[in-house]
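What follows is a short report on a single structure.
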Amino acid sequence: MKFTKRPVAMAVAGLDPSGGAGLIADIKTFLANGVYGMGAVTCVTAQNTVKVSSVNPASPEVLEDEIMTAVEDIKPAAVKVGMIGTRELIQTVRRCVSTLDAPIVLDPVMISSSGTPLLDGDAIGELEKLIPEVNLVTPNFPEAEYLAGEKGSPEHLAELIWERYHTSVLVKGGHLSAPVDYLYDGSSLKKYPGLHIENPNTHGTGCTLSSAIAANLAKGQDLASSVRLAKEYVTTIISAGLDLGAGSGPMDHGAALRGDFTEG
């Protein structure tokens, strides 16, 4: 038998049992983008496409054991960090990722696209300490306004966030009238126009985009190419038109996969 190697990406995120977002979506995204996926659970949520009934954080000790036990054996080539949940868990993640020689993509999960806070003030302050230690942060528009400390256009916010944290930033504009994302790395601003797709089933878009970026980084793509390819992937899986659940349903993460085992 001929043995092979494959790039490895790790997700540190919450568990959405409906599979549209969080760790399950991350792992599906890794598989669909050609990397081997590992994961550590920060919080166990109880949710579906219409409600979140509970959020249950892991203990800091358990989360640290999850991450460090996995990576001491299998080394990730990139890491995606999503929902963390509490100040103590953010401190744990910060301590763990500081030991890894791999690019880190942070989806901050601070404020919903509707502007609803998802973390308390202490936890947000701790998350801001993590941002300078990652390679890319991917805020939605309300999160970008918070991190920049003022209101403004997406491209202006991207530059302000760089100046404040010295971390590359992708400001996501998917829920704005013009779905354009802006990447700023401290030297150049890149614009990534998106398509407006008539599909309300977009649960987990932010999780999936950041995971796809991490997968591309794990394969050795540069940051700009990683973002471009990830945007193309998300467009593909939204366009597939999967319709599950009574609310904003999940996307078809495997829409681009073809083979004998994918057919019904």
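The values are calculated or read from the model by the stated rules, or taken from the named source; none is laboratory data. Given the structure is predicted, the values throughout are model-derived calculations rather than measurements. A quick note on method: Cβ atoms are made from the backbone with ideal geometry, for glycine too, and the neighbour counts reach across all protein chains shown. SASA here: full protein model, heavy atoms, side chains in, ligands and nucleic acids out. Shrake-Rupley method; radii C 1.70, N 1.55, O 1.52, S 1.80 Å.
Points worth noting:
- Solvent-accessible area, 1.4 Å probe, carbon plus sulfur percent, for region 110-264: 52 percent
- Distance between modelled label sites at LEU118 and ALA46, nm, 7 Å Cα→Cβ extension: 2.1 nm
- Per residue, the chain exposes 47 Å² of accessible surface when a 1.4 Å probe is rolled over the protein heavy atoms with every protein chain present.
- Each residue of the chain gets 131 Å³ once the volume of the Cα convex hull is shared out per residue.
- The GNM of the chain, with springs linking C-alpha atoms under 10 angstrom apart, assigns the highest mean-square fluctuation among GLU150, GLU133, GLU159 to GLU150.
- Here region 245-264 and region 58-82 have alpha carbon centers that stand 28 Å from each other.
- Note on LYS151 and GLU232: their simple-model spin labels are 3.7 nm apart, each label 7 Å out from Cα toward Cβ.
- Of all DSSP beta bridges confined to the chain, the antiparallel ones make up roughly 45%.
- If you plug the beta carbon distance of VAL180 and ASP73 into 1/(1 + (r/R0)^6) with R0 = 35 Å, you get a FRET efficiency near 0.30.
- At R0 = 35 Å, FRET efficiency that the Cβ-Cβ distance of ASP222 and PHE261 yields, to 0.05: 0.60
- Sequence-separation-based contact order of region 62-175, relative, with Cα cut under 8 Å and 6+ spacing, percent: 22 percent
- Cut-off 19 Å, label 7 Å out along Cα→Cβ of THR99, residues of region 49-76 by amide N: 58-76
- Based on C-alpha pairs under 8 angstrom that are at least 6 apart in sequence, region 173-249 has a relative contact order of 30 percent.
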